[in-house]
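The values are calculated or read from the model by the stated rules, or taken from the named source; none is laboratory data. This structure is a prediction, so every number in the text was calculated from the model and none was measured. Areas reflect the complete protein model, heavy atoms only, side chains present, ligands, DNA and RNA absent. Shrake-Rupley method; radii C 1.70, N 1.55, O 1.52, S 1.80 Å.
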Amino acid sequence: NGQTIPVEIRASHIEYAGIPALLLHVRDITARKQAEAAVRESEAKYRTIIENIEEGYYEVDIEGNFTFFNESMAKILGRSVEDLLGKSNREVMDWEHARQVSEYDDGEQHEKNRVFELEMTLPDGRLRFVELSTSLMQDANEMPVGFRGIARDVTEAKRFKAEADRL
């Protein structure tokens, strides 16, 4: 019908009836190309979401080292992206809050999801309240490999509530 389709061709040198020849195996890979395009589109969609949300998104390995995070996460922690690269959560939090997170991370019974709030002192001395929604990441054998989560700066909401409570 004149339609062009993507194909994969494998060729082998053979001898046919005493004459050198090529044996060609041609396979239609239209479905694979469509699946690859769908994956690229999905990855672009989620990358755009992660890059544009105000909430911080992060992933840490089981030791608490940042393996992935968006710019908003660095901003919430009062750091530059470059400063956060290669750091562990213990290096970017004060001792008490790093201990709280570590107790959760190191616990024998890893919860699938957990929401908790931390009071953090930023490198410039400002106080920030951060709500973390964390979930366990597991490998194919369901062994814990790290955590991913969303961080939300709730400092202004807490200040507003405190002001409302005083009135």
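Quick notes on this one:
- Gain upon complete extension [A31, A140; 0.36 nm per residue less C-alpha separation]: 36.6 nm
- Heavy-atom accessible surface of the chain: percent carbon and sulfur, 1.4 Å: 52 percent
- Looking at the chain, the accessible area is 70 square angstrom per residue; that uses a 1.4 Å probe and ignores ligands, DNA and RNA.
- Alpha carbon centroid spacing (whole Å) that separates the range 123-140 from the range 49-66: 8 Å
- Cα shape, the chain, gyration tensor, a/c 1.5 rule: prolate
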